[in-house]
Amino acid sequence: MTEDLENRIQKAVEYFMTGYGCGQSVVAAFADLYGMDEATALKIGNGFGGGVGKMRMMCGAVSGLVILAGLDSGLSDDIRGGKAECYRLVQDLLEKFKQANGSVICAELLGLKSAPIPGDFVPSERNAHYYKARPCAAKVESAARIFAEYLQSKIQ
């Protein structure tokens with residue numbers, strides 16, 4: 001893998017470790033490749049943390065993969081064909097994430113047995129215990145690595 005792509009993987013983890021959400025971290029690490037500035041990338045990924053708005057559905061890092069797949073596939077004059085190509089890429093990336101991590105669902109990745117508490121929208125405080133108790137940084141790294149490997153395969 002190129003040094004640039006390895007640096008992007010580490011940048012995704014750094015974003016997460018400084019307090020950004022999983023989705024924000026994955027998108028922001030690659031955003032400049034698609035002409036997007038950091039602030040816009042962080043805004044786009046903002047609602048995907050905690051498994052989409054802290055509802056523990058699809059993992060935020062996985063949501064970041066979906067956003068990047070859409071950016072990478074671009075727009076096509078053939079709308080249906082363009083969507084099909086994007087959906088193929090999304091399914092491929094998500095399958096790789098699932099194989100590497102066991103699931104694409106936030107609650108399953110966190111080992112949560114109960115449903116989210118309605119109205120619980122306040123993000124968890126980021127501290128040493130948070131980072132030690134959760135696998136999120138590793139999931140961000142995994143998603144970023146999967147996307148980097150996809151980009152690497154395009155240039156080989």
Q. With the range 1-88 as the region, which helices (runs of 4 or more DSSP H) entirely inside it contain at least 2 residues that are modelled with pLDDT of 95 or more and more than 25 Å from LYS154 (Cα to Cα)?
A. 3-17, 38-45
(Q) Please go through (1) on the phi > 0 side of the Ramachandran plot; (2) modelled with pLDDT under 95 for ARG126 and return the number of the only condition it doesn't satisfy. (A) (1)
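Do the conditions hold for ILE105, that is, is it open to solvent by 30 Å² or more (accessible area, probe 1.4 Å), within 21 Å of TYR15 (Cβ to Cβ) and at pLDDT 95 or above?
Numbers: open to solvent by 30 Å² or more (accessible area, probe 1.4 Å): yes; within 21 Å of TYR15 (Cβ to Cβ): no; at pLDDT 95 or above: yes.
Taking the combined requirement at face value, the residue does not satisfy it.
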Q | Whichever residue in the range 127-156 is closer than 22 Å to ALA31 by Cβ and surrounded by fewer than 17 Cβ atoms within 10 Å (Cβ to Cβ) and, among such residues, is farthest from the chain's Cα centre (by Cα) | A | ILE155
Q) Only one residue in ILE44, ILE79, ILE67 is over 25 Å from LYS11 (Cβ atoms) and either of a type in the set (Val, Ile, Thr) or open to solvent by less than 60 Å² (accessible area, probe 1.4 Å) (or both), so which one is that? A) ILE79
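The values are calculated or read from the model by the stated rules, or taken from the named source; none is laboratory data. Please read these numbers as outputs of a predicted model, since none were measured by experiment. In this analysis, Cβ positions are derived from the backbone assuming ideal geometry, glycine residues included, and neighbour counts consider all displayed protein chains. Remember, those area values only see protein heavy atoms, side chains included, never the ligands or the DNA or RNA. Shrake-Rupley method; radii C 1.70, N 1.55, O 1.52, S 1.80 Å.
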